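Reading through the structure tokens given below for one structure.
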Amino acid sequence: MLGLMQSHPLLISNLIEFAARHHGDGEIVSRRTEGDLHRYTWKDVAARSRQVANALDASGLAAGDRVGTLAWNGYRHLELYFGVSGSERVLHTINPRLLPEQIAWIVSHAEDRIVCFDTTFLPIIKGVHAHCPNVQQWIMLCDADKLPGDTGIPNLVSYEAWMGQQPSTYAWPVFDENTASSMCYTSGTTGNPKAALYSHRSTVLHAYAAALPDVMNLSARDAVLPVVPMFHVNAWGIPYSAALTGAKLVFPGGALDGKSVYELIEGEGVTMAAGVPTVWQMLLTHMQANQLKFSTLTRTVIGGSACPPAMIHAFQDNYNVEVLHAWGMTEMSPLGTLCTLKEKHRKLAPEEQMKLRLKQGRAICGVDMKIVGDDGQELAWDGATAGDLYVRGPWVVASYFKGEGGDPLKGGWFPTGDVATIDADGFMQITDRSKDVIKSGGEWISSIDIENIAMAHPAVAMAACVGMPHPKWDERPIVVVSLKPGAELTRDELLQFYEGKVAKWQTPDDVVFVDAIPLGATGKMLKTKIRQQLSDYKLPAA
Ligand code: ADP
């Protein structure tokens, strides 16, 4: 028997119209590439998104056609989020930190018909446009009078000239909620990048889930700063969740240094900020150096790679800001888990609470997870047994765009490539990427644990633990370390720092000091590159 409730598809256009109607005067503040702050309201976002939709019609784009963006977090990018998807086209966010060859490859693979880009990325577009014959129109996100004349890029217009004269009324089409809304390519550390193709349904469900109290806890009383980029996995869905809750949005543009981010937080009364650990490290360093405090920030969501304990401590102990550790991936829209404590945990001693906060957290309702052993059998949720983490749910990929890489599922579950434990309360903890696991003498050593200890040392800026081949133990861990500016540390001092923190056999065999740890396009340590750099390295004799 079918239910007798109205059947309205879950569409992204509903989110922006809701925000315009119910939070019309809610603010959106953006730091522009020009350096100044731009401000307007949810009502304006809706009006200009409709202008974008009209401009796409005028450009002759059909339903399902892809529109690429290479852009920072800012108001024009937000308008494209709603205007492109709302009018049944597909928003293809492109990570500008990828290599030009990769950008050209994914623009061609996605068959983008239009590509919109921030002024900052003009040099990239100059280099790649000739390799992207599928693009009929290049749009620079700027005022008409800011468009440079002699770029050599054919069919280049300014965003304002393209959409500015269009009417701000538009009848958003109503269609199947399973229609594609946006896409994002994974970083492709192995082989060509593959794209997750999100749907309106998956995006709207994810937006509701992300706003929940035990997730990002978003409301109309919040001012949210997504430092996490809109060019990768939809800025963790924050633009949609902000529209759904009427939260104020504060966009940092390309200014991600500690000073700029701090000034934005203070100047705009930001209550919640979200980003990867590397960005927060820059902010904390700036604050420590200048003895600054926060006056409005209550929480930060930190994810994308493991949040070092020292960072959770710094936010909590020095600034009274709660860190919510989050885990997810491109293939999951991206949120899978978030670490908030339960009522019973509040009675625990601070150090016990900290052990829990370090975990990646509990599943968000909608994400089903399990850990499995090498034999494919499900493993116990005892907080100790580690296995391959599998997930499934309405915002998890079923397959990649154009079927790339074949069927990614195993028995209906998506293997995440992460190795994790889950405890009896459902708190999941990533111990490694499966390709980074260090196997020593038949036992697993968690590279994340080893890195976290090194990063707790006051002299260490960043640490990467990798396994090196060993004749007796198969592999032994070493730790590659970059130091904070002006700091000094010897190999033996760092190795002694491990004493009492891990078992003797888990302590790294060596420390390699480097000027900087190579980072990938999403701010994560590039272990493949680190291993390449260590190709001539030999473990010290025991
Ligand atoms: P990519 O851009 O490389 O495809 P994603 O941005 O999708 O990567 O990142 C997904 C991966 O990032 C996860 O599978 C996991 O390995 C890692 N990751 C994300 N959040 C965390 C976290 N909080 N702790 C540890 N690892 C994390």
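For segment 357-460, the equivalent ellipsoid built from the Cα gyration tensor has semi-axes of 26, 16, 15 Å, listed from largest to smallest. Around the amide H of H325, modelled in the peptide plane, lie the amide H atoms of I302, C339, all under 5 Å away and 5 or more residues distant in sequence or on another chain. Amide H to amide H, with H built 1.01 Å from N, L292 comes under 5 Å of no residue 5 or more places away or on another chain. Taken along the Cα-to-beta-carbon direction at a fixed 7 Å, the label points for Q316 and Q291 span 2.7 nm. Among the protein heavy atoms, those of E351 account for about 120 Å² of accessible surface (1.4 Å probe, every chain in place). Scalar couplings 3J(HN,Hα) for segment 484-497, obtained by applying the Karplus form with A = 6.51, B = -1.76, C = 1.60 to θ = phi - 60°, are 5, x, x, 7, 10, 7, 9, 4, 5, 4, 5, 5, 5, 4 Hz; x denotes Gly and Pro. Once all protein chains are placed together, M525 keeps about 50 Å² accessible to a 1.4 angstrom probe. Mean separation of Cα pairs under 8 Å and 6 or more residues apart, divided by the residue count, gives the chain a relative contact order of 10 percent. For the chain, with all protein chains in place and a probe radius of 1.4 Å, 52% of the accessible heavy-atom surface sits on carbon or sulfur. In a DSSP loop and with at most 10 other Cβ atoms within 10 Å, there are no chymotrypsin sites (Phe, Trp or Tyr not before Pro) in segment 1-110.
Taking 4 °C and 1.567 mPa s as the conditions, I'd like the Stokes-Einstein D for segment 238-282 in µm²/s, using the Kirkwood hydrodynamic radius from alpha carbon pairs. D, rounded to a whole number, is 113 µm²/s. Rolled with a 1.4 Å probe across the full set of protein chains, the surface gives Y208 an accessible area near 130 Å².
Calculated on the Cα set of the chain, radius of gyration then Dmax: 23.5, 74 Å. If R0 is 45 Å, the Cβ-Cβ spacing of E352 and E263 corresponds to a FRET efficiency of close to 0.80. Taking 1.306 mPa s as the viscosity and 10 °C as the temperature, the Stokes-Einstein diffusion coefficient of segment 436-533 based on its alpha-carbon Kirkwood radius rounds to 117 µm²/s. Among R201, R21, the sequence by solvent-accessible area, most first, with a 1.4 Å probe is R21, R201. Within the chain, antiparallel bridges make up roughly 55 percent of the DSSP beta bridges whose residues both belong there. The ellipsoid that matches the Cα gyration tensor of segment 20-152 has semi-axes, each √(5λ) in whole angstrom, of 25, 18, 13, with the longest given first.
What value does segment 130-176 have for Rg/Rh, both radii from Cα atoms and Rh as Kirkwood defines it?
Details: Rg = 14.2 Å, Rh = 12.8 Å.
Computed over Cα atoms, the ratio is 1.11.
Rounded to the nearest Hz, the phi-derived 3J(HN,Hα) couplings of segment 528-536 under the Karplus curve 6.51 cos²θ - 1.76 cosθ + 1.60 (θ = phi - 60°) are 4, 5, 4, 5, 4, 5, 9, 4, 9, where x marks glycine and proline.
Rounded to 0.05, the FRET efficiency of the V514 and L2 pair, given R0 = 56 Å and the Cβ-Cβ distance, is 0.35. Accessible surface calculations at 1.4 Å, restricted to protein heavy atoms, place segment 436-533 at 49 Å² per residue. Each Lys and Arg adds +1 at its Cβ and each Asp and Glu adds -1 at its Cβ; summed about the Cα centre, the chain shows a dipole of about 280 debye. Within segment 23-165, DSSP assigns beta bridges of which about 25% are antiparallel (rounded to the nearest 5). Each of D143 and E488 was given a label point 7 Å from its Cα along the Cα-to-Cβ line. The distance between the two points is 5.3 nm. Looking at segment 235-344, the trypsin sites (Lys or Arg not before Pro) that sit in a DSSP loop and have at most 15 other Cβ atoms within 10 Å of their own Cβ are K293, K342.
A helix-only calculation puts the chain at -8000 deg cm²/dmol for mean residue ellipticity at 222 nm, using -39500 (n - 2.57) for each DSSP H run of at least four residues, averaged over all residues. Have a look at F294, P469, W381 and report the one farthest towards the positive end of the charge dipole of the chain, computed about the Cα centre with Cβ charges (Lys/Arg +1, Asp/Glu -1). About the Cα centre, the residue reaching furthest to the positive side is F294.
Placing +1 on each Lys and Arg Cβ and -1 on each Asp and Glu Cβ, with no other charges, gives segment 93-182 a dipole about its Cα centre of roughly 180 debye.
So, R0 is 25 Å and r is the distance between the beta-carbons of N155 and L99; what FRET efficiency does that work out to, to 0.05? Given R0 = 25 Å and the Cβ-Cβ separation, E is 0.55. Can you give the local net charge around A384? Use residues other than it whose beta-carbon is closer than 14 angstrom to its beta-carbon, Lys and Arg +1, Asp and Glu -1. Result for the local shell: -3.
The Cβ shell under 12 Å around P229 holds other residues with a net charge of 0, Lys and Arg each +1, Asp and Glu each -1.
The trypsin sites (Lys or Arg not before Pro) of segment 475-542 meeting both criteria, a DSSP state outside H, G, I, E and B (loop) and at most 10 other C-beta atoms within 10 angstrom of the site's C-beta, are K538. At full extension, R39 and L539 could sit 174.4 nm farther apart than now, given 0.36 nm per residue minus the alpha carbon distance. The stretch between Q377 and D214, if pulled fully straight at 0.36 nm per residue, gains 55.7 nm over its current Cα-Cα span.
The values are calculated or read from the model by the stated rules, or taken from the named source; none is laboratory data. Because the structure is predicted, anything quoted here is derived from the model rather than measured. As a convention, Cβ positions derive from the backbone with ideal geometry for all residues, glycine included, and neighbour counts pool all protein chains shown. When the accessible area is computed, the model is the full protein with side chains, heavy atoms only, and any ligands, DNA or RNA have been set aside. Shrake-Rupley method; radii C 1.70, N 1.55, O 1.52, S 1.80 Å.
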